[in-house]
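Scroll down for the structure; my scribbles are underneath it.
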Amino acid sequence: MEKYTLITGATGGLGKAFTNECLKRGDNLVLTGTKEAVLKSIVEDINTNYPQIKVLAKTCDLSSESDRKSFFDFLKENNAQINFLINNAGFIAEGEFLKHPDQEIMKIIRVNCEGTTDFTQKVIKARDENEDLHIITVSSMAGDYPMPYMAIYSATKAMLTTLMVALNYELKDKRVYITTVCPSGIPTTDAMKEAIKSQGAGGRMTMCTPEKVAMLSMKASKKHKVVYVPKVINKFIKGISKLCKETTLARIVGKRWKKSQAKRNFNTEGK
C-alpha cells in the first residue's frame, strides 16, 4: 500500500498551508474538504507543479456519518495507507448562544467533535502497527477557558484538546504520536481578519498566519510535542489563564468579545 498524509479541511486557508508544508516534504497526499471546485483546483495545481507526488482527493462533510463512511471506503479502494493525519477541519460560529439556530449548534459539535474523533479512530485502527503514525489535531486557545459569545466553539475545542492529550498517553507505546496545536486567531477569512482587527493591539500580537502555524505545527510534531501553542505571548497567556478561576476568565473574555462585536456591528441573526 502507498503511504499518504491525510489533511482534512484542505480547502481552507490553514488547510492549504498544511498542504504546502507537506508538499515541501514530498509527502503523497489525501485531501478532503467541503468545497469540490476548490479541491479540484488544488489537485490540478499539485499535478502540474509536483508531478512526482501522488494526490487523492474526495469531498467529505465531517458532520455526516455517511460522508465519513464513503470517504474511508474511498481510501480502501485506492490502497491508501495513512501514516500522517492532520485533523485541520473545523467549524466556527460566533454570537449569543440563544441566537444560534439549532442546526448550527449541532454542526459545530458534529464537525469539531464527532467528525474529528471518528477520523482519528478510523485512521489509528487502520494503521500499519510496524510504522510510526503521526497525528496533528488543530484545537485552539479558545479551549483553554470558557468563552461567552463563542461558547459552543470553545467547548468543542476544550473537548478536542482533552481527548488528544489522553489518547497520546494511551497510545504512546504503540508508535502513535499525537500533537495538539492550540493557536490564537488565524486570519484565514475576511470575518476572522475583521475579528482580529477589532481586538486592537491584543489581536495583532496574538494572531499567527496560517503559513506560520502550519510550519511550526509540523516542527512540533517531528519533536513529538504533546501540546503546542504558537507564539511566546500565547504561551504566556495560556500559563496565566491556569492561575485564574473560570468565572473570572469568563468575565474577562466575555467583556473582550462583547466590545469586539460592538466595533464590528456584529449581529448573529444577520450573519
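Just so it is clear, none of the values below were taken in a lab; they were calculated from the coordinates. Just so you know, these numbers come straight off a predicted model, no measurement behind them. Positions of Cβ are generated from backbone atoms using ideal geometry, with glycine treated the same way; all protein chains shown enter the neighbour counts.
If we count other beta carbons within 10 Å of each Cβ, what is the order of Phe236, Phe71, fewest first? All intermediate terms of the calculation are to be shown ahead of the outcome.
On the way: Phe236 12, Phe71 21.
Ranked by crowding around the Cβ, least crowded first: Phe236, Phe71.
Is it possible to state the helix-based mean residue ellipticity at 222 nm for the chain, with each DSSP H run of 4+ residues giving -39500 (n - 2.57), the sum divided by total residues, to the nearest 500 deg cm²/dmol? What is it? If you can, show how the numbers build up before the last one.
Values: 11 runs with 136 residues, N = 271.
Helix-only estimate at 222 nm: -15500 deg cm²/dmol.
About the Cα centre, and with charges only on the beta carbon of Lys, Arg (+1) and Asp, Glu (-1), how big is the dipole of the chain? Nearest 20 debye, please.
Here the size comes out at about 1300 debye.
By how many degrees, between 0 and 90 and to the nearest 10, does the Cα long axis of helix 151-170 differ from the longest principal axis of the chain?
Here the helix axis deviates by roughly 40 degrees.
Place +1 on the Cβ of every Lys and Arg and -1 on the Cβ of every Asp and Glu in the chain, take the dipole about the Cα centre, and give the residue among Thr248, Met192, Ser154 whose Cα lies farthest towards its positive end.
After comparing all options, I get Thr248.
Take Lys24 and His224, extend 7 Å from each Cα along the Cα→Cβ direction, and tell me the distance between the two endpoints in nm.
Each label point lies 7 Å from its Cα, and together they span 2.4 nm.
Starting from the 7 Å offset along Cα-to-Cβ, what nm value, one decimal, do you get for the label separation of Glu194 and Cys244?
2.6
Once the Cα atoms of helix 232-241 and of the chain are each reduced to a long axis, what angle between those two axes, in degrees from 0 to 90 to the nearest 10, is obtained?
Approximately 60 degrees, to the nearest ten.
Once fully extended, how much extra length lies between Ile233 and Asp102, figured as 0.36 nm per residue of separation less the alpha-carbon to alpha-carbon distance?
43.6 nm
Could you work out how far helix 13-25 tilts from the main Cα principal axis of the chain, as a 0 to 90 degree angle to the nearest 10?
The angle comes out near 40 degrees.
Using alpha-carbon positions, what is the distance between the centroids of region 200-221 and region 23-76, in Å?
Spelled out, the Cα-based centre of one part sits 24 Å from the other.
So how do Val123, Val43, Val229 line up by other beta-carbon neighbours within 10 Å, fewest first?
On the way: Val123 21, Val43 16, Val229 24.
So the residues, fewest neighbours to most, are Val43, Val123, Val229.
Between (1) 0.96; (2) 0.93; (3) 1.00, which matches Rg/Rh (Cα atoms, Kirkwood Rh) calculated for the structure shown?
Derived directly from the coordinates: (1).
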